[in-house]
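What follows is one structure encoded as structure tokens, with my remarks underneath.
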Amino acid sequence: MACLLFLVLAALSAPVFAVEIDGHLSPGEWAGARHVTDFRQTQPLTGKPSSLPTEAWILATPDGLAVAFRCEQPADVPRTRQRVQRDFKDQVDRVNLMVDFDGNGRTGYDFVVSSTGGINDAVVTNESNFNTDWDGNWQHAVSEDAAGWTVEILIPWYTAPMHIAQDGKRTLGIYLDRVTGSTGERDAWPVASFMRSRFLSDFNPVEVPTYSQSLLAITPYVSGLYDHVRGRSHVQEGADILWKPSGQFQLTAALNPDFGQVESDDLVVNFGATETYVSDKRPFFTENQGIFDFSLLDDNSQLVYTRRVGGPSDDGHGAADINAAVKLNGSVGSTSYGVLAADEDGEAGRFFGAARVTHDFGSQSLGMLLTRVDRPWLDRQATVLGVDHHWQPTPKLTIATNVVGSDILQSGTRTRDSGATLIADYEMGGGWRQQWLGMHFGDQLQINDFGYLPRNNFNYAHWEVRKRNTALPADSAYSSHDWHFRIDALDNDHGLRLRRQLRIRRTSELRDGATEDAQININSAGWDDLLTRGHGALFLPPSLDFFYERISPRHGDWAFKLDAEMLSGGLGGNRQIGYNIKFIPTYFISDAFSVYAGPYYEHIPDWLVWQHDNLIGRFDEHTLQLDAGFDWSIDDRQELRLKLQAIGLDARSRGGYRVDANGRAVASADDVGDFSVRNLGLQIRYRYELAPLSYLYVVYGRGGYAMDGYARTTGDVFSNSFALRDDEQLLVKLSYRFDI
């Protein structure tokens, strides 16, 4: 008995090593962790051993997945010490932890920590599509010494929905990398790259014990807005609710949600026939949203575009108010599901609903997404069904397909149509890669009640060959080139030839951490069937477009971004060349305070703008734009940001033209006059982090838009944009998250 008592007391008094997220590798703290030392270059993608020693430790704990990095960085390799804000894109020293909690290559989560403690997080879908709109609640800490720097990360198990574990074990997909800011080198384990057709699927399987955590988080908020122009104020309160009893069932709800604008969108002057895509930072729509990713494999096209919810009201009276929204995520066996519903207020209020299910079996996955939007103000009901399939028949071949159909009932009339996409990627080895893509979207397919599709009514195909070259001379300024050669064909669904194109593109990485992108598009003659909004297609001569971009990270006190483009088009084709150039330098007053300001200038000598029915205007267009602001990371919790954009556009008429029955532009006596456009957006935003995902915002915003029926010099139009004052608001918002 005495012996047994002694053993119990000894066990109780024995040291228990637990991971403490403090940025220091304490003795014994990472005992039992998987130790990773084989980091290899993936940027440039050579697979060679890393230039700088890097180690990592992976350990599953009851509190979450713990990962530590030790990054050696001798004195002759400059360190990037600038402080960065959340969701930064700066080229700085940093590490990435990416986790696929189901280990099936469908959805991953990216957790980034800079050497100065800045963080970024993102959801990864469709192998390599990163969406940084999501903000998660996870722990991190950084320390630095003369030999290098250390990062510790803890990701709670409730972070993401996940399938139920088998036999007390869970197989995660893990990817780790370390980026050296001064050179741009990325060293990773395993040797996976988002430059390949597969990324998520190449994560390293890591088996860990099964742990489960639950979470109930309530985030009440109160916001007050004062409109200086109209002299009125508005107070609103509500709450976001997260309930995650397990990885197999998670609920997100928003009661009287405030989707007020604390993140300013970039200004866009769009006279085209297609809608501009805008990302969504609203917390309700970013949490557990990966399951609803149903990409149509055409740029940003998708079946669930959450900016529709709470967007412009159907009665034209501003943005719609939302009563409530709810989202369910879960899984049963290898089947995952998600349900989303949102209800808007008032007679013009819409109802949005979406149901998603996916099933994994071996090297394949099959999914279905059903959306429904009721729009009583328009007497319209829109139902869309999509089925998608992903297949990896060999280690080098990836095939993705989807089929969508829409059923629209409006004012008693029903319209139905369908579309489909097929994409195949083949990694041939030796840096070579091929891609085949085919798309069909019927002329009556309508998904934009809830989704986003720039246009329907087309058939498209392309064949692309890529070649990656990393065997460059040691004295070359470049570390790698990635060449893309593409030919494509685009027709509308009635057989009208819209375009034939040859595209040549080179993306390059430089040894000083800069990136470079150059692309030329050579377009055949073809028809534009969108310009007149259904009043006849216009035949246009051949054209070309050359684009160049260079992004240089901080060197000393400066960083810069340069964009330049030369393009032809319009009725004259290649006889007149337009151009635009954008240069934005950033000056670092300190590691915590940076200022940027730069112009954008555009000249399009043959610019076509639709007037009405089959009348188009031909203009000589000039645009001057200023992008300016500053970012000040006051301390670990406070930041102050200024963002200013001002645009002045003047368009001198070159006459009006009617599009005849043969698609030719015929000079017209219709009066098509000069015009000018002014646009202004100014936001000053202060943010104080009270606790994780709990913030105090104080935001001042001012902006306006004006279109005048005359033209002046571009400089005059631009300078007059600063007098715009359609809106001037002060917003104060307080939200605090309670984890129960």
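The values are calculated or read from the model by the stated rules, or taken from the named source; none is laboratory data. Everything numeric here is computed off the predicted structure, so don't read it as measured data. When we count neighbours, we look across all protein chains shown, and the Cβ atoms used for this are built from the backbone with ideal geometry, even at glycine. Please note that ligands, DNA and RNA were not included when accessible areas were found on the heavy atoms of the full protein model with its side chains. Shrake-Rupley method; radii C 1.70, N 1.55, O 1.52, S 1.80 Å.
Worth a mention:
- Taking the conditions (1) at positive phi; (2) touching a residue at least 24 places away in the same chain (Cβ under 8 Å) in turn, Ser114 satisfies each one other than (1).
- Pairs, first over 18 Å from Thr470 (Cβ atoms) in the stretch 499-522, second among the basic types (Lys, Arg) and open to solvent by less than 40 Å² (accessible area, probe 1.4 Å), C-beta under 7 Å, six or more apart: Arg503/Arg486
- Those strands (runs of 3 or more DSSP E) of the stretch 524-619 in which 2 or more residues are free of Cβ contacts under 8 Å to residues at least 40 places away in the same chain and more than 30 Å from Asn457 (Cα to Cα) occupy 543-555, 558-567, 578-588, 593-612.
- Out of Val732, Val659, Val666, Val698, sole residue that is touching a Leu at 6+ places or on another chain (Cβ under 7 Å) and either among the β-branched types (Val, Ile, Thr) or modelled with pLDDT under 95 (or both): Val659
- Positions within the stretch 650-676 being in contact (Cβ under 8 Å) with a residue 60 or more places away in the chain, open to solvent by less than 10 Å² (accessible area, probe 1.4 Å) and within 17 Å of Asp708 (Cα to Cα), in sequence order: Asp650, Ala651
- With respect to (1) touching a helix residue (DSSP H, G or I) at 6+ places or on another chain (Cβ under 7 Å); (2) buried (at least 18 other Cβ atoms within 10 Å of the Cβ), the lone exception for Pro542 is condition (2).
- In the stretch 131-157, of all residues being in contact with a Gly (Cβ under 9 Å, 6 or more places away or on another chain) and at pLDDT below 95, the one that is least open to solvent (accessible area, probe 1.4 Å) corresponds to Trp134.
- All positions within the stretch 435-485 that are within 21 Å of Pro44 (Cα to Cα) and not in a strand (DSSP E or B): Thr470, Ala471, Leu472, Pro473, Ala474, Asp475, Ser476, Ala477
- Within the stretch 191-215, residues that are closer than 18 Å to Arg40 by Cα and among the β-branched types (Val, Ile, Thr) reach partners that are open to solvent by 60 Å² or more (accessible area, probe 1.4 Å) and not in a loop (DSSP other than H, G, I, E, B) with beta carbons closer than 9 Å, at six or more positions or on different chains, in the pairs Val191/Arg40.
- From the list Asp187, Asp266, Asp177, Asp167, the one residue that fits, being open to solvent by 50 Å² or more (accessible area, probe 1.4 Å) and either hydroxyl-bearing (Ser, Thr, Tyr) or under 25 Å from Ala33 (Cα atoms) (or both), is Asp167.
- Test set (1) within 30 Å of Asp93 (Cβ to Cβ); (2) outside any strand (DSSP E or B); (3) open to solvent by 30 Å² or more (accessible area, probe 1.4 Å) - Gly513 fails condition number: (3)
- Pair list, Cβ < 7 Å and 6+ apart or interchain, from the stretch 168-180 residues that are in contact (Cβ under 8 Å) with a residue 12 or more places away in the chain to residues that are part of a strand (DSSP E or B) and of a type in the set (Phe, Trp, Tyr): Leu176/Trp189; Arg178/Phe69
- Residues of the stretch 354-371 classified as touching a residue at least 24 places away in the same chain (Cβ under 8 Å) and either under 30 Å from Gly316 (Cβ atoms) or not in a strand (DSSP E or B) (or both), total: 4
- Scope the stretch 176-205; condition over 20 Å from Asp482 (Cβ atoms) and part of a strand (DSSP E or B); matching residues: Leu176, Arg178, Trp189, Asn204, Pro205
- Selection count where residues are open to solvent by 60 Å² or more (accessible area, probe 1.4 Å), under 30 Å from Ser246 (Cβ atoms) and of a type in the set (Asp, Glu), scope the stretch 29-70: 1
- Cross-chain or 6+ apart pairs with Cβ under 6 Å, the stretch 285-303 first and on the phi < 0 side of the Ramachandran plot, then open to solvent by 30 Å² or more (accessible area, probe 1.4 Å) and in a loop (DSSP other than H, G, I, E, B): Ser295/Asn126; Asn300/Tyr277
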